[in-house]
Amino acid sequence: MSVTPRSRALLVALAALLLTASPARADAILTFSFSAFNFSENAQLITLDFDSSYAGGPFNTFEAEFSSTATDLDGNGGGSVAPALGGFMTLPRLDGANVPALSLGTGCNLAVAPGGSDTCDAFSSGAVAVSTPAAGSFGVSVAFFLSGGDSIAGQGMLTLKNVAVPEPVSALLLGLGLSGLALRRHRAR
């Protein structure tokens, strides 16, 4: 079996692409969940911190997810969850620096049947581009004011990952290979 010049050019472009591809790495993930109860009559500030270390970097994308549900424990049919971190309930951190672009959770005002529950923050997510070292730490602060006689349950996840970005050399080699194929085809006509 002989290899035609067109096939050879395509094989060279594909081989170059494979040789310059970055190896796959595992994502760094921090999942968190909490429940808070306020048995007093007045609103209380609730503050929680979740932290983890990571390795296997560098990573180029930081993602956050969050949702929560509030319950009217005292049966008065109402309540509120007010964010305490600049308009949001969560504030992610990466290597000791706050990442406000990933803040999620805007709180809610409950209007439910006495003793009822309702979604406070529907599932929301966000992502930002980052550049991390090979190892470090990441986490999230969760802070809110919970009305008296109510409770809240929340959950979220932080993920450090690598989103594939074509390397310039790979794109150049693939472009050259395709240009070569086009030129050869043009000359053959």
Exercise. Out of all the residues in the stretch 21-33, is one or more farther than 30 Å from Val163 by Cβ, at pLDDT below 95 and aliphatic (A, V, I, L, M)?
Worked result: no
Problem set entry | Options Ala101, Ala84, Ala70, Ala97: the member that is small (Gly, Ala, Ser), in contact with a strand residue (DSSP E or B) (Cβ under 9 Å, 6 or more places away or on another chain) and surrounded by fewer than 15 Cβ atoms within 10 Å (Cβ to Cβ) | Ala101
Exercise. Among the residues of the stretch 128-136, is any in the same structural domain as Ala70 (by TED's automatic domain parsing), in a strand (DSSP E or B) and within 16 Å of the chain's Cα centre (by Cα)?
Worked result: yes
Exercise. Could we say that Ser33 is touching a residue at least 12 places away in the same chain (Cβ under 8 Å), small (Gly, Ala, Ser), in contact with a Ser or Thr (Cβ under 6 Å, 6 or more places away or on another chain) and closer than 22 Å to Gln155 by Cβ here?
Worked result: no
Seminar exercise, completed: The condition from (1) modelled with pLDDT under 95; (2) in contact with a Gly (Cβ under 9 Å, 6 or more places away or on another chain); (3) of a type outside the set (Ser, Thr, Tyr); (4) not in a loop (DSSP other than H, G, I, E, B) that Leu176 misses is numbered (2)
Seminar exercise, completed: Residues of the stretch 91-103 being touching a residue at least 40 places away in the same chain (Cβ under 8 Å) and outside any strand (DSSP E or B), in sequence order, are Asp95, Gly96, Leu102
For this session: Please work out which residue is surrounded by the fewest Cβ atoms within 10 Å (Cβ to Cβ), limiting yourself to the stretch 104-124 and to residues that are part of a loop (DSSP other than H, G, I, E, B) and touching a strand residue (DSSP E or B) at 6+ places or on another chain (Cβ under 7 Å).
Result: Pro114
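The values are calculated or read from the model by the stated rules, or taken from the named source; none is laboratory data. Owing to the predicted nature of the structure, the values given are computational and were not obtained by experimental measurement. Neighbour counts are summed over all protein chains in view; Cβ atoms, including those assigned to glycine, are modelled from backbone coordinates with ideal geometry.
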